[in-house]
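Asks: Could you have a look at this structure, given as structure tokens, before my questions?
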Amino acid sequence: MNITDALIIGAGPTGLFTAHQLKLIGLDCEIVDNLDKIGGQCIELYPDKPIYDIPAVPACTGEELTNNLIKQLQNFNIKFHLSERVDEVKKEGEKWFVKTNLGTTFLTPNVIIAGGVGSFEPRKFPPKECEKFENKSILYSVKDKTIFKDKTVSIFGGGDSALDWAVELSKTSQVNLIHRRDDFRGAQATVDKVHELVKSGKINLYTKYQILSVKGNQSLETIDIKNDDKEIKTLKSDYALGFFGLIMQLGPIANWGLNIDKKTIEVDTEKFETNQKGIYAVGDICNYPGKLKLILSGFHEGALAARACFKLARPNEKYRFEFTTTSKAAQERLGVAKK
Ligand SMILES: Cc1cc2nc3c(=O)[nH]c(=O)nc-3n(C[C@H](O)[C@H](O)[C@H](O)COP(=O)(O)OP(=O)(O)OC[C@H]3O[C@@H](n4cnc5c(N)ncnc54)[C@H](O)[C@@H]3O)c2cc1C
């Protein structure tokens, strides 16, 4: 069980800056995100696009903003739990018990939901029976490529992820690449490389085919694929990898007893607290009169929610407002205090 002063759900720009604000006032926090990387929409949807309305930053890309937010946290040693989705939030005494889909648990007086438009989830294989093999022999991301060594891997998709992994795994595995169209959406250089590997027999390519069904006992054994002419092929497969892009789902957040309207959580504008004491919502996911879905709003909301957390995390202490330019305590926490 992880015990912390505040748990942040979401490592987008709002979650990151909220962590900064919590640590600055001397509170501990941990962050959970369903994605395998930090940065939320900025890193997942527009890493190369310039943003022009971050105060005092004339222009920076989604990736640059994320890197700078991470840099701003460098002295704080924050524990990130990536590739984990918070599924459960329930009251335990005066605190909140939080559990992820991987079974990681937290006990905290404060939960800050910085969940954006919900968790980014992979688009999954349609056949229902695929669920039985999910996270074992049917995967939607690769954490450890060594598990595929000397195995047969069927990769589905026509974008960069599918092509990149087909090229990479063809070095050590038997690879089937299956795509429902003839043309690929990936970078031309990778598409060319795939065709080269198909020619040399390193990749078996099946275009205009889609998954029909899967079979196996403990783990995946075969996959049936079907084309537009209803021709069916059976591929022996130890693993299937699906790269069909991501969808955003409010998901489990909808079940935590919060006031939700049009996929956003209603909050007050003093503490950004929800209808549940000790649960706050900040960034794109929160709603109040005049809400602007901009990064700069998330920063302000996170700063106020962090101060509100102090009261529940340190009930016997009084929060003192201080500037970073003059606060010795803040500078020590930031690692910039003069000796
Ligand atoms: C193309 C594009 C361009 C944009 N340009 C601008 C711009 O120029 N200026 C500007 O200010 N804004 C811009 N925005 C909007 C901006 O990106 C968002 O306002 C901002 O990302 C919101 O940040 P956030 O941290 O609240 O949420 P997000 O960035 O959405 O991050 C939320 C994170 O929470 C995670 N999450 C959700 N639920 C769970 C759960 N149950 N468990 C674990 N993790 C969970 C998600 O996986 C996600 O990583 C743009 C958006 C897009 C799509």
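The values are calculated or read from the model by the stated rules, or taken from the named source; none is laboratory data. All values reported here derive from a predicted model rather than from experimental measurement. Glycine gets a Cβ as well: all are built from the backbone with ideal geometry, and neighbour counts include every protein chain shown.
Asks: Could you tell me which of the residues TYR280, TYR319 is of a type in the set (Ser, Thr, Tyr) and in contact with a strand residue (DSSP E or B) (Cβ under 9 Å, 6 or more places away or on another chain)?
Replies: Values: TYR319 fails: in contact with a strand residue (DSSP E or B) (Cβ under 9 Å, 6 or more places away or on another chain).
Among TYR280, TYR319, only TYR280 is of a type in the set (Ser, Thr, Tyr) and in contact with a strand residue (DSSP E or B) (Cβ under 9 Å, 6 or more places away or on another chain).
Okay, residues lined up against (1) free of Cβ contacts under 8 Å to residues at least 12 places away in the same chain; (2) of a type in the set (Gly, Ala, Ser); (3) touching a helix residue (DSSP H, G or I) at 6+ places or on another chain (Cβ under 8 Å); (4) surrounded by 13 or more Cβ atoms within 10 Å (Cβ to Cβ):
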{"position": "ASN227", "(1), (2), (3), (4)": "no, no, no, yes"}
{"position": "LYS233", "(1), (2), (3), (4)": "no, no, no, yes"}
{"position": "GLY251", "(1), (2), (3), (4)": "no, yes, no, yes"}
{"position": "ILE260", "(1), (2), (3), (4)": "yes, no, yes, yes"}
{"position": "ILE265", "(1), (2), (3), (4)": "no, no, yes, yes"}
{"position": "GLY290", "(1), (2), (3), (4)": "yes, yes, no, no"}
{"position": "THR324", "(1), (2), (3), (4)": "no, no, yes, no"}
{"position": "ALA330", "(1), (2), (3), (4)": "no, yes, yes, yes"}
{"position": "ARG333", "(1), (2), (3), (4)": "no, no, yes, yes"}
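Asks: Pairs, please: C-beta under 9 Å, at least 6 apart or cross-chain, first residue without any contact (Cβ under 8 Å) to a residue 24 or more places away in the chain and in region 101-124, second of a type in the set (Val, Ile, Thr)?
Replies: Filtered contacts from region 101-124: ASN101/VAL86.
Asks: Also, quick follow-up: Kindly check whether there is at least one residue in region 70-77 that is closer than 29 Å to VAL142 by Cβ, of a type in the set (A, V, I, L, M), surrounded by 16 or more Cβ atoms within 10 Å (Cβ to Cβ) and near the ligand (Cβ under 10 Å from one of its atoms).
Replies: no
Asks: Exactly one condition in (1) over 23 Å from ALA254 (Cβ atoms); (2) over 26 Å from the mean Cα position of the chain (by Cα) is false for ALA306; which is it?
Replies: The single condition ALA306 does not satisfy is (2).
Asks: Something else now. Residue under question is GLY278, and the condition is that it be in contact (Cβ under 8 Å) with a residue 12 or more places away in the chain, at positive phi and buried (at least 16 other Cβ atoms within 10 Å of the Cβ); does it hold? Explain how you work it out, then say what you get.
Replies: Details: in contact (Cβ under 8 Å) with a residue 12 or more places away in the chain: yes; at positive phi: yes; buried (at least 16 other Cβ atoms within 10 Å of the Cβ): yes.
Yes; evaluated as a whole, the condition is true for this residue.
Asks: May I pose another question? Listed residues ASN135, ASN110; which is away from the ligand (no atom under 15 Å from the Cβ), polar (S, T, N, Q) and on the phi > 0 side of the Ramachandran plot?
Replies: Working: ASN110 fails: on the phi > 0 side of the Ramachandran plot.
The match here is ASN135.
Asks: THR104 - would you say it is surrounded by 14 or more Cβ atoms within 10 Å (Cβ to Cβ), within 17 Å of the chain's Cα centre (by Cα) and within 16 Å of the ligand (Cβ to nearest atom)? Break it down into steps so the answer makes sense when it comes.
Replies: Details: surrounded by 14 or more Cβ atoms within 10 Å (Cβ to Cβ): yes; within 17 Å of the chain's Cα centre (by Cα): yes; within 16 Å of the ligand (Cβ to nearest atom): yes.
Yes, satisfied.
Asks: Would you check if ALA114 is in contact with a Ser or Thr (Cβ under 6 Å, 6 or more places away or on another chain), among the aliphatic types (A, V, I, L, M) and at pLDDT 95 or above? If you could, list the steps in order and put the result at the bottom.
Replies: Working: in contact with a Ser or Thr (Cβ under 6 Å, 6 or more places away or on another chain): yes; among the aliphatic types (A, V, I, L, M): yes; at pLDDT 95 or above: yes.
Taking the combined requirement at face value, the residue satisfies it.
This table checks each residue for (1) in a strand (DSSP E or B); (2) at pLDDT 95 or above; (3) within 14 Å of the chain's Cα centre (by Cα).
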site: LEU27; (1), (2), (3): no, yes, no
site: ASP36; (1), (2), (3): no, no, yes
site: GLN41; (1), (2), (3): no, no, yes
site: TYR46; (1), (2), (3): no, no, no
site: GLU63; (1), (2), (3): no, yes, no
site: ASN68; (1), (2), (3): no, yes, no
site: GLN74; (1), (2), (3): no, no, no
site: ASN77; (1), (2), (3): no, no, no
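Asks: Can you pull out every residue in region 13-45 that is among the aliphatic types (A, V, I, L, M) and away from the ligand (no atom under 13 Å from the Cβ)? It would help to see each step written out before you state the result.
Replies: The first filter runs over region 13-45 and keeps only residues among the aliphatic types (A, V, I, L, M), leaving 16, 19, 22, 24-25, 27, 31-32, 35, 38, 43, 45.
Passing the criteria: LEU22, LEU24, ILE25, LEU27.
Asks: Moving to a separate point now. Considering every residue within region 122-133, establish whether at least one is in contact with a Ser or Thr (Cβ under 7 Å, 6 or more places away or on another chain), aromatic (Phe, Trp, Tyr) and surrounded by 15 or more Cβ atoms within 10 Å (Cβ to Cβ).
Replies: Looking for residues that are in contact with a Ser or Thr (Cβ under 7 Å, 6 or more places away or on another chain), aromatic (Phe, Trp, Tyr) and surrounded by 15 or more Cβ atoms within 10 Å (Cβ to Cβ), one finds at least one in region 122-133, hence yes.
Asks: Are any residues in region 46-58 without any contact (Cβ under 8 Å) to a residue 60 or more places away in the chain and near the ligand (Cβ under 10 Å from one of its atoms), and if so, which ones? Break it down into steps so the answer makes sense when it comes.
Replies: Of the residues in region 46-58, the ones without any contact (Cβ under 8 Å) to a residue 60 or more places away in the chain are 46-50, 52, 56-58.
Selection gives TYR46, LYS49, PRO50, TYR52.
Asks: Against the condition among the small types (Gly, Ala, Ser) and touching a Ser or Thr at 6+ places or on another chain (Cβ under 8 Å), how does GLY290 come out, does it pass?
Replies: Values: among the small types (Gly, Ala, Ser): yes; touching a Ser or Thr at 6+ places or on another chain (Cβ under 8 Å): no.
The answer is no for GLY290.
Asks: Specify which of the listed residues (LEU82, LEU45, LEU73) is touching a helix residue (DSSP H, G or I) at 6+ places or on another chain (Cβ under 8 Å) and closer than 28 Å to ARG333 by Cα.
Replies: Numbers: LEU82 fails: touching a helix residue (DSSP H, G or I) at 6+ places or on another chain (Cβ under 8 Å); LEU45 fails: closer than 28 Å to ARG333 by Cα.
It is LEU73.
Asks: Got a sec? Which of GLY10, GLY40 is out of contact with any strand residue (DSSP E or B) (no Cβ under 7 Å at 6 or more places or on another chain) and surrounded by 24 or more Cβ atoms within 10 Å (Cβ to Cβ)? Break it down into steps so the answer makes sense when it comes.
Replies: On the way: GLY10 fails: out of contact with any strand residue (DSSP E or B) (no Cβ under 7 Å at 6 or more places or on another chain).
None of the others qualify; the one that does is GLY40.
Asks: Among the residues of region 93-102, which ones are out of contact with any His (no Cβ under 9 Å at 6 or more places or on another chain) and at pLDDT 95 or above?
Replies: Within region 93-102, LYS95, TRP96, PHE97, VAL98, LYS99 qualify.
Asks: Hand me the list of strands (runs of 3 or more DSSP E) wholly inside region 231-339 holding 2 or more residues that are more than 16 Å from the ligand (Cβ to nearest atom). Steps first, answer last, please.
Replies: Working: elements: 232-236, 239-242, 246-249, 264-266, 279-281.
In region 231-339, 232-236, 239-242 are the strands (runs of 3 or more DSSP E) which contain 2 or more residues that are more than 16 Å from the ligand (Cβ to nearest atom).
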